[in-house]
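Just below is one structure, and these are the notes that go with it.
No value in this document is a laboratory result; all are computed from the given coordinates. Model, not experiment: these values are computed from the prediction. Note that we place each Cβ from the backbone using ideal geometry, even for glycine, and neighbour counts take in every protein chain shown.
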Amino acid sequence: MSNPILIDGDSVLFMPTFGLATVMPQPGTLKGSGPGTYKGKNICVEGDEKNVSVPGCVYLTPTHPIPGTGTLKIDALGGDQKAAKTKTGSKAVLLKGGNFTAKFEVQSPAQQPNPSGPPMPDTTPNYSGMGMFSTTNVKFQGT
């Protein structure tokens, strides 16, 4: 089944639920590095997803309601987000597809109030969640 091919400048959207953590996600942007272009923009190829990083996102957990911050990244593409046949150069192009696995890396831990002393930090270093791509390309498809 064909899917829209992702191009430079397309959006990376993260869901707010990351396990026990609730993240206030900001969108990311794909930077296409493929040699092929569509409407003057580079096509996104396998590996471009590894460069998506959205720092400064606020999060909290049910046990740590004082917000902390972290960085959103793409952990793994969904099975329908890397073309099996369509390539540019020698690399598979990236497709809109369904959802990918996302990772939230904690930089400044959320805190738990502690009436008898200083707040206690969240000790979880990262959380897993999901995300999706949004593309301006509605015609150029890949398989």
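Among the conditions (1) touching a residue at least 40 places away in the same chain (Cβ under 8 Å); (2) more than 16 Å from Leu30 (Cα to Cα), the only one that Ala102 does not satisfy is (2).
Taken over the range 1-28, the criterion of being more than 13 Å from the chain's Cα centre (by Cα), part of a loop (DSSP other than H, G, I, E, B) and buried (at least 17 other Cβ atoms within 10 Å of the Cβ) is satisfied by Leu6, Asp8. Considering the range 87-143, and only residues there that are charged (D, E, K, R) and assigned to a loop (DSSP other than H, G, I, E, B), the residue that is nearest to Asp75 (Cα to Cα) turns out to be Lys96. Residues in the range 108-122 that are out of contact with any Pro (no Cβ under 7 Å at 6 or more places or on another chain) and within 12 Å of Gly70 (Cα to Cα): Ser108 alone.
In this structure, Gln107 does not satisfy being touching a His at 6+ places or on another chain (Cβ under 8 Å) and surrounded by fewer than 19 Cβ atoms within 10 Å (Cβ to Cβ). The test for being in a strand (DSSP E or B) and among the basic types (Lys, Arg) does not hold for Lys31. Looking across the range 109-132, the residues that are among the small types (Gly, Ala, Ser) and either touching a Leu at 6+ places or on another chain (Cβ under 8 Å) or within 16 Å of Ala21 (Cβ to Cβ) (or both) come down to Ala110, Ser128, Gly129, Gly131.
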